[in-house]
């Protein structure tokens, strides 16, 4: 038996408490090299936790513990835990032992402490709903350390890293999702040193098992159907996956296309675009988009899909032909548009390639941050224009003379933000185009007045770039592109599945520019490590405030689900919308 598997006594003598305190302070003050591992006199998992905290510079006495309103990121955990804890409240009445439940990030979701003096003590230590008790926030404790160790732990008095918790003993246990083994939370019993009960560890583990058992009961029938569908699918000779709101199952060939971003990406796409009968379509996987045969699974009102991957086909040129149409050469050489895509979105890429092939002036349009200038410069590079001049008429009164001088010697020009006032005239743009040097425009047509829109449409072919919120199935590829541009080790940064879920749920009002800034910021902080959900900016983790119309719509969706007793197909029928639309609304409004 390993040393860290030994059951340690619940009680510490006064001598042991003092020795533990001194050992912890020596490690904190002297650093990781003060003592050799295994010489601190505390359980191995406690020392390992201390060393993690020292390495991460976790404060022993933090000025404040991060607080955020507990969100039902995984409501199945709350649904399973509430009846268990409610049943036990009577048994713990007048007993100075608190029951505490956290989610997988260490955020406290529920706390029950019947005795007032214990509640007051825990409040002073911020051990209450909404506070972050992950190990990187408050150090070694019975909730956060459980999540790291992935097994039951006992933390006695001064074994806590945070000095405010030194008067507590906590027995914690992990809560795993049945079937997947995914960590979804932790549970702990906590009391003061003088109120320790010798069976606390056993009781905590038993309560954790009761919560997991209720999760199993709720998920059992759904998972049995899902596994049955998977067994029917995986016997083929190609990659096969089965996905529902909570789970992805993949055969051996399907595993080649999986990663932590797969479920949030694939599920969001299918819940919005999934077919109502078997259909061939492209689906986003971790390594890119793949042709697949997608078929809905009868899940008694719940949505699920089976996916059979098809062999990759060679890319087809615009118009469906495998051969490109004739090239209209404008200038000395034909444009090379075969080297790389002009845009990550296939439809946008096709429109740009067609316009370039026929020698048309292109106005790349879209909202702020959608990447208009980057896309335009890439398009011009494909035409051999490596050093285009970028002018902005609304900022530079002499822009036209500068641009005409450039085009007169064959230099490409980008006229940027044509929608802004004062905007260029048709005559000015046509004069630049007559030089036959490459010319392109960028504009936000939604911000343009009618005169500017008229000018743009009279002289150019418009290609609109989509808002990122409408193309989230491309998000993993876009994140990888940004990471590939960074130096090592930042470029090795990866995102956990929970982080991907939050990224997919964010509306990205700043589009690609916001995504790029966010990824670079997180990569610098992670420095090659994995970014988890709690590492993301607060706004990505906080549900947005609904306006009055959205609030009314949310209430209508929730009412329909209640009337339909949770049957989503029936709720969609009652609302008069498609099932995929219902799923999109549920995700948008945070309804589960």
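The table below lists the values:
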quantity	calculated
Exposure proxy ranking, count of Cβ atoms within 10 Å, fewest first, for 186, 36	36, 186
Extension gain (nm, one decimal) between residue 76 and residue 255, 0.36 nm per residue minus Cα-Cα	61.8 nm
MRE, 222 nm, helices only [DSSP H, n ≥ 4, -39500 (n - 2.57), over the chain, to nearest 500]	-12000 deg cm²/dmol
Per-residue Cβ neighbour rank within 10 angstrom, fewest leading, 492, 47	492, 47
Crossing angle, helix 44-55 versus the chain [Cα axis fit, 0-90 degrees, rounded to tens]	40 degrees
Nearest 10 degrees, 0 to 90: helix 579-589 Cα axis against the chain principal axis	70 degrees
Candidate values [x] 3, 14, 20, 21, 17, 12, 8, 4, 1, 0; [y] 3, 16, 27, 27, 18, 7, 2, 0; [z] 3, 16, 24, 22, 16, 10, 5, 3, 1, 0, label of the one derived for P(r) over Cα pairs in 10 Å bins from 0, in percent	[x]
Relative contact order, percent, segment 1-143 [alpha-carbon distance under 8 Å, six or more residues apart]	23 percent
The chain: antiparallel DSSP beta bridges as a percent of all, rounded to 5	75 percent
Relative exposure of 134, 286, judged by other C-beta atoms within 10 Å (fewest first)	286, 134
Relative contact order of the chain, pairs being alpha-carbon contacts under 8 Å that are 6 or more residues apart, as %	9 percent
Nearest-ten-degree value, helix 399-408 long axis tilted from longest Cα axis of the chain	60 degrees
Over segment 346-466, relative contact order from alpha-carbon pairs under 8 Å, at least 6 apart, %	38 percent
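Every number in this text was worked out from the coordinates using simple rules, so none of it is lab data. Everything numeric here is computed off the predicted structure, so don't read it as measured data. Cβ coordinates were reconstructed from backbone atoms using ideal geometry, including for glycine residues, and neighbour counts include every protein chain displayed.
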